[in-house]
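Visitor: Quick one: the structure is below, questions incoming.
What follows is calculated from the coordinates using simple rules that are stated; it is not laboratory data. Everything numeric here is computed off the predicted structure, so don't read it as measured data. Glycine also receives a Cβ, built like all others from the backbone with ideal geometry; neighbour counts cover every protein chain displayed.
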Amino acid sequence: MRTALLQSSGRPGSVEGNLKVLDEAAASAAAAGAALLAAPEMFLTGYAIGDDIARLAEEADGEGADAVAEIAVRHGLAVAYGYPERSGDTVFNSAQLISADGTRLANYRKTHLFGCFERDHFTPGEQPVVQAELGGLRVGLMICYDVEFPENVRAHALAGTDLLLVPTAQMHPFQFVAESLVPVRAWENQMYVAYVNRVGQEGEFDFVGLSVLAGPDGVARARAGRGADLVLADVDLAFLAASREANPYLEDRRPGLYGSLV
């Protein structure tokens, strides 16, 4: 399945502007044969927008989701994107996957919040593994800091995730996560990992880009630079199956030894 990663911060604070950026990227991705477009963490509204997070937060089936569904249908590809989700009086840092026919397939709430900014504005989610079936793949969702916890990604591996989508807002000086950690996560868990970042300065944060789609062999199939970009790569089920056959990590685990981890 050809997958497109939209590396962009869009227009922070403007849902309408970000939907326009997403629509243009979807058109380009579809023209290049992509069946899936993934956008960064908090793409719908912007990340470093302070109290506007609460003001712009909406329910998972809100107007923003409807607008993204229209984009998905218009261009004939699935879309994953980050947004602030409101549920009653609670706000989550969430990511949602919508199919090419406009169906909401999965909604994930970030389980590991990073730093005072996120802890001041969000409540952590409690469901570590969220998946959906898409194009013959089992697709999982995670957000940014979550992927830095090996237990999180291993839980997806044990649940059969083939492609892990990770909308992110990775900032300086932690670019080693995109450069080194994400490919290792893909290798040690025998899956594809799509890590989709923001770029440029937003408030106190300097987002580093470097979005990557890493394969189960630990090799980057596509990698963006430091500026806005749209990169594409194929997720190959046959290659994934062969890689899993050759790599025995999951079969050679000894869970009885790991009780002290929890």
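Visitor: Which of the chymotrypsin sites (Phe, Trp or Tyr not before Pro) found in segment 191-262 are in a DSSP loop and have at most 15 neighbouring Cβ atoms, other than their own, within 10 Å?
Guide: On the way: sites: 192, 195, 205, 207, 239, 249, 258; in loops: 249, 258.
Listed in order of number, the matching sites are 249, 258.
Visitor: Same structure again: Would you please calculate the Kirkwood hydrodynamic radius of segment 131-250 over all C-alpha pairs and express it in Å, rounded to one decimal?
Guide: Working: mean 1/r = 0.0698 Å⁻¹.
Its Kirkwood hydrodynamic radius stands at 14.3 Å.
Visitor: Quick one: grab the alpha carbon gyration tensor of segment 183-262, order the square roots of its eigenvalues as a ≥ b ≥ c, and give me rounded if a/c is under 1.5, else prolate or oblate depending on whether a/b is larger than b/c.
Guide: Numbers: a/c = 4.54, a/b = 1.57, b/c = 2.90.
Since a/c reaches 1.5 but b/c is at least a/b, the shape of segment 183-262 is classed as oblate.
Visitor: Next question, about the same structure. If you line up the Cα atoms of segment 102-197 on their principal axes, what length do they span on each, largest first, in Å?
Guide: 38, 29, 24
Visitor: Given the options 241, 34, 25, state which has the largest fluctuation in a GNM of the chain using a 10 Å cut-off (strictly under) for Cα springs.
Guide: Among 241, 34, 25, the largest mean-square fluctuation in the Gaussian network model of the chain belongs to 241.
Visitor: Residues in segment 97-117, backbone N under 20 Å from the label point at residue 126 (7 Å along the Cα-to-beta-carbon vector): list them, ranges by number please.
Guide: Residues passing the 20 Å test: 107-114.
Visitor: Let me check against my output: what whole-number percent is the relative contact order of the chain, with C-alpha pairs under 8 Å and at least 6 apart? Kindly include the intermediate steps, with their values, before the conclusion.
Guide: On the way: 622 pairs, mean separation 48.3, N = 262.
After rounding, I find 18 percent.
Visitor: Can I ask one more? Of 136, 218, 64, which has the largest mean-square fluctuation in a 10 Å C-alpha GNM of the chain?
Guide: Sorting by GNM fluctuation, first place goes to 136.
Visitor: Taking 2.2 N^0.38 Å as the expected size of a compact globular protein, what ratio does the Cα radius of gyration of segment 1-129 give against it, to two decimals? Before the final figure, lay out the partial values.
Guide: Details: Rg = 13.9 Å, N = 129, 2.2 N^0.38 = 13.9 Å.
For segment 1-129, the normalised Cα radius of gyration comes out at 1.00.
Visitor: Taking the radius of gyration and the Kirkwood hydrodynamic radius from Cα positions alone, what is the Rg/Rh ratio for segment 158-201, to two decimal places?
Guide: Result: Rg/Rh = 1.02.
Visitor: Residues with beta-carbon under 9 Å from that of residue 143, excluding residue 143: net charge, scoring Lys, Arg +1 and Asp, Glu -1?
Guide: On the way: positive: 109, 110; negative: 41, 146.
Counting the neighbours of residue 143, the net charge comes to 0.
Visitor: Sum -39500 (n - 2.57) across every DSSP H segment of at least 4 residues in the chain, then divide by the residue count to get the 222 nm mean residue ellipticity, nearest 500. Could the numbers behind the result be given before it?
Guide: Details: 7 runs with 69 residues, N = 262.
It lands at -7500 deg cm²/dmol.
Visitor: Just 63, 179, 148 to compare: in a GNM of the chain, with alpha carbon springs under 10 Å, which one fluctuates most?
Guide: Judging by the Gaussian network model, the answer is 63.
Visitor: May I ask for the net charge around residue 118, where only other residues with Cβ less than 13 Å from the Cβ of residue 118 are counted and Lys, Arg are +1 while Asp, Glu are -1?
Guide: Neighbourhood net charge equals -1.
Visitor: Roughly how big is the chain's charge dipole about its Cα centre, with Cβ charges of +1 (Lys, Arg) and -1 (Asp, Glu), in debye to the nearest 20?
Guide: 520 debye
Visitor: Continuing with the same structure: Need one number: convex hull volume per residue for the chain, Cα atoms only, in Å³. Don't skip to the end; give the middle numbers.
Guide: Numbers: hull volume 30.3 nm³, N = 262.
For the chain, the hull spanned by Cα atoms encloses 115 Å³ per residue.
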